[in-house]
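Here is the structure we will look at, set down as structure tokens.
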Amino acid sequence: MHFSSAASKAGLLTVTVALSACSALQEDKIDYRSASKGTSLEVPPDLTQLPQESRYNVPGGAVSANAMLASQIQRGQGEGVARDQLADVQLLRDGSLRWLSVPRSADVLWDPVRQFWMDNGFALAMDQPNLGIMETDWAENRAKLPQDFIRNTLGRLLDSLYSTGERDKFRTRLERRADGGTDIYITHRGMIEEFSNQAKDTTTWVPRPADPELETEFLRRLLVQLGTSEEQSRAIVASGAESAQGGAPFVGATRVQVQGAPALELQDGFDRAWRRVGTALDRTGFTVEDRDRSQGIYFVRYVPQSDREQPGFFGRVLGRGAAVPAPVKYRVVVRSEGALSHVTVLSETGQPVSAEQADSIIGLLHEDLR
């Protein structure tokens with residue numbers, strides 16, 4: 001249902017708030033309807049022409065699940081990592097960060113993971129097997145809508161009048177390991193619609209913090225997709241939460257200078273710093289085109305959020321999308337000495353970037369890592 005004036009939008013928000021007071025939000029449920037069925041909030045940079053980098057491929061191909069399971073039981077996963085294992089899938093946890101470890105190749109996992117997001121009501125805005133990245137379009141969790149008398153009575157007739165004023169998207173990164181297995185990370189990004197002036201006649205979409213609980217819930221659901229029962233998946237997550245104190249909690253990153261350039265200092269060894277930085281890049285909107293773990297380098301591209309101002313409600317209705325500037329490529333470098341790591345930013349060719357550019361990117365990563 002479309003509206004012809006900004007005043008109608010403001011009135012609609014008032015009605016929605018008033019109706020929501022009649023009932024509690026069902027925050028324990030998840031019911032997404034992909035925003036791609038309407039108008040997308042953001043058009044991601046075109047990635048269809050990106051070449052596949054040789055560093056991303058691991059020689060030797062996949063190995064059997066049984067063989068990998070036996071070897072993984074015997075080996076560790078880095079400092080401070082707790083393990084909850086069932087069959088050939090492990091839910092790993094390091095501090096507040098969780099991910100799945102599967103002794104199957106990324107090529108084998110790609111289609112089941114893609115189907116997983118479709119089954120949960122999402123459309124994919126990015127589907128890049130060569131990068132190991134898929135990302136959903138912006139979608140609304142309709143379970144957060146008030147279940148009031150009017151909505152339940154009139155049903156779909158008034159359903160289009162309701163909006164939570166929030167949108168979510170999820171990135172799944174499949175990182176190939178040297179042993180042929182795959183680590184699967186799920187990260188969340190959120191936007192919220194706010195009035196953009198005191199008259200409350202226009203709105204805009206602004207970022208809201210990532211939700212680790214949503215990330216964990218979708219990891220749990222992916223466990224089910226990969227063969228774990230619903231009951232077993234819930235037990236795994238519960239046991240992981242109970243044993244979370246067994247690993248050292250994360251210490252916030254500190255902004256420092258390294259050879260005169262802005263940098264981040266993490267009180268972590270390389271394995272932990274590498275995982276934390278990779279997750280922070282996903283949550284802050286970078287696209288990891290490639291990675292070279294042996295050199296501690298993430299090859300990324302990024303469109304600054306300030307350059308992607310989102311149109312308000314009527315801009316989207318009328319099809320006025322935000323212009324998307326060309327993304328810029330960088331190298332985000334993780335260097336470690338013992339239990340201390342530094343994160344710095346270089347240009348696409350490995351040269352120093354301007355202090356302003358480095359400070360901007362370091363600031364974004366610091367928001368997630370502090």
- Query: Just wondering, is there one or more residues in segment 209-216 that are surrounded by fewer than 20 Cβ atoms within 10 Å (Cβ to Cβ) and among the charged types (D, E, K, R)?
  - Reply: yes
- Task: Please determine, by comparing only the residues of segment 190-208 that are open to solvent by less than 70 Å² (accessible area, probe 1.4 Å) and under 22 Å from the mean Cα position of the chain (by Cα), which one is farthest from TYR32 (Cα to Cα).
- Result: THR204
- Task: Look at ALA238 and say whether it is among the small types (Gly, Ala, Ser), assigned to a helix (DSSP H, G or I) and in the same structural domain as SER105 (by the TED database).
- Result: yes
- Task: May I ask you to verify whether ARG176 is in contact with a helix residue (DSSP H, G or I) (Cβ under 9 Å, 6 or more places away or on another chain), more than 24 Å from ASP31 (Cβ to Cβ) and open to solvent by 20 Å² or more (accessible area, probe 1.4 Å)?
- Result: yes
- Query: Which of the residues that make up segment 255-269 are open to solvent by 50 Å² or more (accessible area, probe 1.4 Å) and either of a type in the set (Lys, Arg) or in contact (Cβ under 8 Å) with a residue 12 or more places away in the chain (or both)?
  - Reply: ARG255, GLU265, GLN267
- Item | Number of positions in segment 331-370 that are touching a residue at least 60 places away in the same chain (Cβ under 8 Å), charged (D, E, K, R) and either assigned to a loop (DSSP other than H, G, I, E, B) or open to solvent by 70 Å² or more (accessible area, probe 1.4 Å) (or both) | 3
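The values are calculated or read from the model by the stated rules, or taken from the named source; none is laboratory data. The model shown is predicted, which means the values in this text are computed figures rather than measured ones. Positions of Cβ are generated from backbone atoms using ideal geometry, with glycine treated the same way; all protein chains shown enter the neighbour counts. Quick note on the areas: whole protein, heavy atoms, side chains included, nothing else; ligands and nucleic acids left out. Shrake-Rupley method; radii C 1.70, N 1.55, O 1.52, S 1.80 Å.
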